[in-house]
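The values are calculated or read from the model by the stated rules, or taken from the named source; none is laboratory data. Just so we're clear, the structure is a prediction, and the values are computed from it rather than from any experiment. When we count neighbours, we look across all protein chains shown, and the Cβ atoms used for this are built from the backbone with ideal geometry, even at glycine. Ligands, DNA and RNA are stripped out before the accessible areas are found, and what is left, the full protein with its side chains, is counted by its heavy atoms. Shrake-Rupley method; radii C 1.70, N 1.55, O 1.52, S 1.80 Å.
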Amino acid sequence: MNIMDFNVKKLAADAGTFLSRAVQFTEEKLGQAEKTELDAHLENLLSKAECTKIWTEKIMKQTEVLLQPNPNARIEEFVYEKLDRKAPSRINNPELLGQYMIDAGTEFGPGTAYGNALIKCGETQKRIGTADRELIQTSALNFLTPLRNFIEGDYKTIAKERKLLQNKRLDLDAAKTRLKKAKAAETRASQLNSARLEGDNVMVNFSYMLNLLHVKWLKIWAEEVTKSEQELRITQSEFDRQAEITRLLLEGISSTHAHHLRCLNDFVEAQMTYYAQCYQYMLDLQKQLGRCFPSSYHSNNNQTSVAPVPSASSNVIGSSALTSTSSLVIASPSNLTDLKECSGSRRARVLYDYDAANSTELSLLADEVITVFSVVGMDSDWLMGERGNQKGRVPITYLELLN
């Protein structure tokens, strides 16, 4: 029975507090009650926290879209994460494309030029798919997880304390309002007690009795002054304490920004590693195709083709910058025509490295200058190259004829 009485009393007290806050909040919105303003520093911290939360959510969601464009796959991963279960491994798009290319090349025949090229491209696509999988895993661990922990952990704590601070402020302003009314009632009671009534007729006596009752009722408010002052001191103390707690939590946002900066650097490193790997894979593939199928290196319909220039740092993954696009050399169709039709010896610059496939060919280094000339009966896609005492066939797609 005592427990029931306690629960009822607590429920009644909570209901009274809620009603008081609701009244205070409504009167503030209507401009009928004063509102205690937070200090400027605390307001700035609250604004900074809210801004951090909004942009962190946007960056996190868009990063998820970048790493996993398929919305159904993202939903599936979210469900498995909430169930605390590991999502089943799925083949990604580059791996699927690579498998299709390998299957097609096998079907057409590895001995054919097209079939062999498809198999080589498929193997490269599968390697890119593996790098893509590693990028997703690394980014999820080092970038997305810290952002999600902030949204679901630290910011939820901040929001909880912020709401509690709002409630304490409403309690404080409600106590101020009650104290103000109690003091006004006390002043009114003093004025009525000091008033003198003249005459002895019935109406005067009746009016006196009404005033007397009114005074006694107002004195009840006067007795509330002391109680209201004590309540105000308590609510002011609780408000100040909660404001300090909230301020300490909000000042941690700067540390959160520093932590997210480190996570962002990890994400950039992961992306740089991924793109460097993809670049190296495609560069190796381009060399293989150029070595095995030099005649297929011309672009169709006389379109401009781009030949990459490897740099000394192209094999360094993750820690070195990629070769800038400004270093790409354009091999125009007119230049290829000049090379094919050149008579006598001409000087030519090597566009990028070439490894000789056999003793009849000449290995090349990017940017070196060699002497080239045509030989009767030689394939139109090859020239004879000479560097000092070394001679051998060189593919014309690796050369730029000098004037």
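Say the cut-off is 21 Å between C-alpha atoms; which of LYS29/LYS156; LYS163/LYS183; LYS35/LYS183; LYS163/LYS227; LYS156/LYS176; LYS86/LYS156 go over it?
Where the Cα-Cα span goes over 21 Å, the pairs concerned are LYS29/LYS156; LYS163/LYS183; LYS163/LYS227; LYS156/LYS176; LYS86/LYS156.
Can you list residues from other chains, or at least 5 along the same chain, whose modelled amide H is less than 5 Å from the amide H of GLU361?
Counting only residues 5 or more places away or on other chains, the set is ARG393.
Mind grabbing the accessible area of PHE25 for me, 1.4 Å probe, Å², rounded to tens?
For PHE25, the solvent-accessible surface is approximately 90 Å².
What accessible area, in Å² to the nearest ten, does a 1.4 Å probe give for LEU249?
My reading of the accessible area for LEU249 is about 60 Å².
Can you give the FRET efficiency for SER380 and ILE91, using 1/(1 + (r/R0)^6), R0 = 41 Å, r = Cβ-Cβ distance, to the nearest 0.05?
Numbers: r = 42 Å, r/R0 = 1.03.
Efficiency computed from Cβ-Cβ geometry: 0.45.
Let me cross-check GLU34: its accessible surface, 1.4 Å probe, with only protein heavy atoms counted, in Å² to the nearest 10?
Its heavy atoms expose roughly 140 Å² to the probe.
Around HIS259, with a cut-off of 12 angstrom between Cβ atoms, what is the net charge of the other residues, counting Lys and Arg +1 and Asp and Glu -1?
Working: positive: ARG262; negative: ASP154, ASP266.
That sum, taken over residues with Cβ under 12 Å, equals -1.
Using the Cβ atoms and a cut-off under 12 Å, what net charge is assigned to the surroundings of ARG387, where Lys and Arg are +1 and Asp and Glu are -1?
0
Mind ranking ILE396, ILE119 by accessible surface for me, highest first, 1.4 Å probe?
Numbers: ILE396 0, ILE119 30 Å².
Per-residue accessible area, sorted high to low, gives ILE119, ILE396.
Could you tell me what percent of the accessible area of the range 347-403 is made up of carbon and sulfur, with a 1.4 Å probe and every protein chain present?
Details: 1300 of 2820 Å².
C and S fraction of accessible area: 46 percent.
Got a sec? What order do SER228, SER255, SER89 fall in by accessible area at 1.4 Å, biggest, i.e. largest, first?
SER89, SER255, SER228
With the full set of protein chains in place, find how many percent of the accessible area of the range 250-294 is carbon and sulfur; take the probe as 1.4 Å.
58 percent
With labels modelled as points extended 7 Å from the Cα through the Cβ direction, what inter-label distance (nm, one decimal) is found for ASN167 paired with LEU19?
For ASN167 paired with LEU19, the spin-label model returns 1.8 nm.
Students sometimes get this wrong: rank TYR354, TYR114 by accessible area, probe 1.4 Å, all chains present, largest first.
TYR114, TYR354
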